[in-house]
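Participant: Below: one structure in structure tokens.
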Amino acid sequence: MTTIGIGTQTSKQALATLSDMTNTLTPIQAEEHLARIAKAQAYMQANNIDAIYLNAGTNLTYFTGMLWYASERMVGAILPALGDVQYIAPYFEIGSLNGFKVIDGPIHGWQEHQSPYTLFVQVLKQLNISDTATIGIDESAQFFIFDGINKAQTGLNLINAQAVTAHCRMQKSDQEIALMQGAMNMTLAVHQATASMLYEGISTTEVETFIKLAHQKVGAPGNYFCIVLFGVATSFPHGVKDAQVLKKGDVVLIDTGCKVHNYISDITRTYVFGEPTSRQRKFWDTEKSAQLAGFNAAKIGKPCESVDDAVRSYLTSQDLGPEYQTPGCPHRTGHGIGLDIHEWPYLVGGNKTSLATGMCFSNEPMLVVPDEFGVRLEDHFYMTDAGPRWFTEPSNSIDDPFGLHK
């Protein structure tokens, strides 16, 4: 018996089933960025934080809409508890940055021979922020930026800005959820198309190439990331160095995602190329039940760790583990997702953060059977007032993973 939906058509035919899925998706607008800034400033005022520094990357994008990359040159923004955003950048980049600017604010420039960190301290003074103020530094900023600021200042209390950034970013707006829903729908369609074009002898590299083309066909720039594993390699959660070639009876694990207006999808599907063995079937069914146990445990007001606890309790009842031991689940149940593929909060033991409306998570309690195979079924859910809701419906069964014959 062949698994339903696996190896039914050529790659050309599979690509022909896909079309652009981005037509109804719109980027985050300036009004939402301003609301995010207002939320951050209210939190800073309530917690005696005078300003935070947002480094080039997703925190800068989240609050200001500006898309820029982190490099050896300091590019970012000061977000004061009171007042307007102040950008800091090399003089020669100002023209480019003005083109990416969504939220107004002056760009303070530094020449190549000058210290951006001294400029940072000068801008704080221009904002009438005292020499003993509390300043949050973007948790994703490179150490040299923190070190440079620290050496240029005297008396400032430099803290981790994560208290502010995570406070704002953990709970997604309806628009953020809509963008991730679009991205997840796209990646699930890519998964189904990919499964349909597998054949004995295809390499993982060839599959990765197809997935990139398929994501482009549905309207994404390409893959944000892609992991394709066959056989024993599936027992290594994030892959192995060498490519593999598909054989009958191999477990296939594909984990991939894309970006839509900067928001990320991330879905994993695992199935068997050919007839599953009883052992493969047993672990696949256990993985599906573990994923559902985590989903059912997600309740508004409960701590994030309760989801992970429910998964590990179920796996222990199936004589797996205990805890992170294998055969069993060697990593946390899930991660937050948004502009970053892994962001707060995390579904892991010890995380007391309360589940709240708008939080978005992966649910992927992967089972690893060392030296044999691994099974990861990864879908994401978001919290609503009424409880969790799937972005994508979990895989149907090991015989019909995409529910084509429901």
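Participant: Could you tell me whether the range 377-390 includes any residue that is farther than 14 Å from G294 by Cβ, at pLDDT 95 or above and open to solvent by less than 10 Å² (accessible area, probe 1.4 Å)?
Facilitator: No, the range 377-390 has no match at all.
Participant: May I ask you to list the residues in the range 273-317 that are under 30 Å from G7 (Cα atoms) and aromatic (F, W, Y)? Let's see the steps before the verdict.
Facilitator: The first filter runs over the range 273-317 and keeps only residues under 30 Å from G7 (Cα atoms), leaving 273-292.
F273, F283, W284 - these are the residues of the range 273-317 that are under 30 Å from G7 (Cα atoms) and aromatic (F, W, Y).
Participant: Another question, then. Tell me which of these A16 doesn't satisfy, since it passes every other one: (1) over 27 Å from the mean Cα position of the chain (by Cα); (2) touching a residue at least 40 places away in the same chain (Cβ under 8 Å); (3) farther than 26 Å from W344 by Cβ.
Facilitator: (2)
Participant: Collect the residues in the range 238-250 that are in a loop (DSSP other than H, G, I, E, B), within 24 Å of E275 (Cα to Cα) and of a type in the set (A, V, I, L, M), keeping them in residue-number order. Don't jump to the end; show me each part of the working.
Facilitator: Residues of the range 238-250 that are in a loop (DSSP other than H, G, I, E, B), as a first pass: 238-244, 246-250.
Add one more test, that the residue is within 24 Å of E275 (Cα to Cα), and what stays is 239, 243-244, 246-250.
Across the range 238-250, the qualifying residues are A243, L246.
Participant: Right, here's the next one. Are any of the residues in the range 349-359 within 25 Å of Y271 (Cα to Cα) and open to solvent by less than 10 Å² (accessible area, probe 1.4 Å)?
Facilitator: In the first step, residues of the range 349-359 are kept if they are within 25 Å of Y271 (Cα to Cα); the result is none.
No, the range 349-359 contains no residue that is within 25 Å of Y271 (Cα to Cα) and open to solvent by less than 10 Å² (accessible area, probe 1.4 Å).
Participant: Quick one: is S395 closer than 16 Å to Q280 by Cα, surrounded by 21 or more Cβ atoms within 10 Å (Cβ to Cβ) and polar (S, T, N, Q)?
Facilitator: Values: closer than 16 Å to Q280 by Cα: yes; surrounded by 21 or more Cβ atoms within 10 Å (Cβ to Cβ): yes; polar (S, T, N, Q): yes.
The answer is yes for S395.
Participant: Checking T3 against (1) of a type in the set (S, T, N, Q); (2) surrounded by fewer than 18 Cβ atoms within 10 Å (Cβ to Cβ); (3) part of a loop (DSSP other than H, G, I, E, B), which single condition isn't satisfied?
Facilitator: For T3, the failing item is (2).
Participant: Yes or no: the range 256-265 includes at least one residue that is at negative phi, open to solvent by 70 Å² or more (accessible area, probe 1.4 Å) and modelled with pLDDT of 95 or more.
Facilitator: yes
Participant: A further question on this structure: Criterion first (in contact with a Lys or Arg (Cβ under 8 Å, 6 or more places away or on another chain), touching a residue at least 12 places away in the same chain (Cβ under 8 Å) and open to solvent by less than 40 Å² (accessible area, probe 1.4 Å)) does Y53 satisfy it? If you could, list the steps in order and put the result at the bottom.
Facilitator: Numbers: in contact with a Lys or Arg (Cβ under 8 Å, 6 or more places away or on another chain): no; touching a residue at least 12 places away in the same chain (Cβ under 8 Å): yes; open to solvent by less than 40 Å² (accessible area, probe 1.4 Å): yes.
No, not satisfied.
Participant: In the list N98, N160, which residue meets the criterion of being under 30 Å from S265 (Cβ atoms) and open to solvent by 70 Å² or more (accessible area, probe 1.4 Å)? First the steps, then the outcome.
Facilitator: Details: N98 fails: under 30 Å from S265 (Cβ atoms).
Only one candidate qualifies: N160.
Participant: Could you check the range 238-255 and list, in sequence order, the residues that are crowded, with 16+ Cβ neighbours inside 10 Å and either among the polar types (S, T, N, Q) or closer than 20 Å to S395 by Cα (or both)?
Facilitator: Q244, D250, V251, V252, L253, I254, D255
Participant: With the checklist (1) free of Cβ contacts under 8 Å to residues at least 12 places away in the same chain; (2) outside any helix (DSSP H, G or I); (3) of a type outside the set (G, A, S) in hand, flag the one item N98 doesn't pass.
Facilitator: Condition not satisfied by N98: (2).
Participant: Right, here's the next one. Assuming E372 fulfils every condition listed in (1) open to solvent by 30 Å² or more (accessible area, probe 1.4 Å); (2) touching a helix residue (DSSP H, G or I) at 6+ places or on another chain (Cβ under 8 Å); (3) within 30 Å of Q171 (Cα to Cα); (4) acidic (D, E) apart from one, which condition is it?
Facilitator: The number of the failed condition is (3).
Participant: Could I ask something else about it? Which residues, taken from the range 201-237, are surrounded by fewer than 18 Cβ atoms within 10 Å (Cβ to Cβ), in a loop (DSSP other than H, G, I, E, B) and in contact (Cβ under 8 Å) with a residue 60 or more places away in the chain?
Facilitator: Once the filter is applied, which keeps residues that are surrounded by fewer than 18 Cβ atoms within 10 Å (Cβ to Cβ), in a loop (DSSP other than H, G, I, E, B) and in contact (Cβ under 8 Å) with a residue 60 or more places away in the chain, the range 201-237 yields only F236.
Participant: Tally up the residues in the range 71-96 that are among the small types (G, A, S) and in contact with a helix residue (DSSP H, G or I) (Cβ under 9 Å, 6 or more places away or on another chain), please.
Facilitator: If we filter the range 71-96 for residues that are among the small types (G, A, S), which is where we start, we get 71, 76-77, 81, 83, 89, 95-96.
Still in the list and also in contact with a helix residue (DSSP H, G or I) (Cβ under 9 Å, 6 or more places away or on another chain): 76-77, 81, 83, 89.
The number of residues fulfilling the criteria is 5.
Participant: Can you tell me which residues in the range 73-95 are open to solvent by 50 Å² or more (accessible area, probe 1.4 Å), free of Cβ contacts under 8 Å to residues at least 24 places away in the same chain and assigned to a loop (DSSP other than H, G, I, E, B)?
Facilitator: Passing the criteria: only D84.
Participant: Does the range 304-334 hold any residues that are surrounded by fewer than 19 Cβ atoms within 10 Å (Cβ to Cβ), touching an Asp or Glu at 6+ places or on another chain (Cβ under 9 Å) and free of Cβ contacts under 8 Å to residues at least 60 places away in the same chain, and which are they?
Facilitator: Result: T316, single match.
Participant: Shifting gears a bit: Among what's in the range 62-72 and is touching a residue at least 40 places away in the same chain (Cβ under 8 Å) and either buried (at least 17 other Cβ atoms within 10 Å of the Cβ) or polar (S, T, N, Q) (or both), pick the residue that is farthest from Y263 (Cα to Cα).
Facilitator: Step by step, filter the range 62-72, then rank; the result is A70.
Participant: So, one more: Looking at the range 268-285, can you tell me whether even one residue there is within 19 Å of the chain's Cα centre (by Cα), over 28 Å from A178 (Cβ atoms) and open to solvent by less than 20 Å² (accessible area, probe 1.4 Å)? Before you say what the answer is, go through the steps one by one.
Facilitator: The initial filter retains those residues of the range 268-285 that are within 19 Å of the chain's Cα centre (by Cα), namely 268-269.
The next check asks that each one be over 28 Å from A178 (Cβ atoms); those that pass are none.
For the range 268-285, residues within 19 Å of the chain's Cα centre (by Cα), over 28 Å from A178 (Cβ atoms) and open to solvent by less than 20 Å² (accessible area, probe 1.4 Å): absent.
The values are calculated or read from the model by the stated rules, or taken from the named source; none is laboratory data. Computed from a prediction, not measured in an experiment: that's the story for all the values here. Don't worry about glycine lacking a Cβ; one is built from the backbone with ideal geometry, like all the others, and counts go over all protein chains shown. The accessibility values were calculated without ligands, DNA or RNA, using every heavy atom of the protein model including side chains. Shrake-Rupley method; radii C 1.70, N 1.55, O 1.52, S 1.80 Å.
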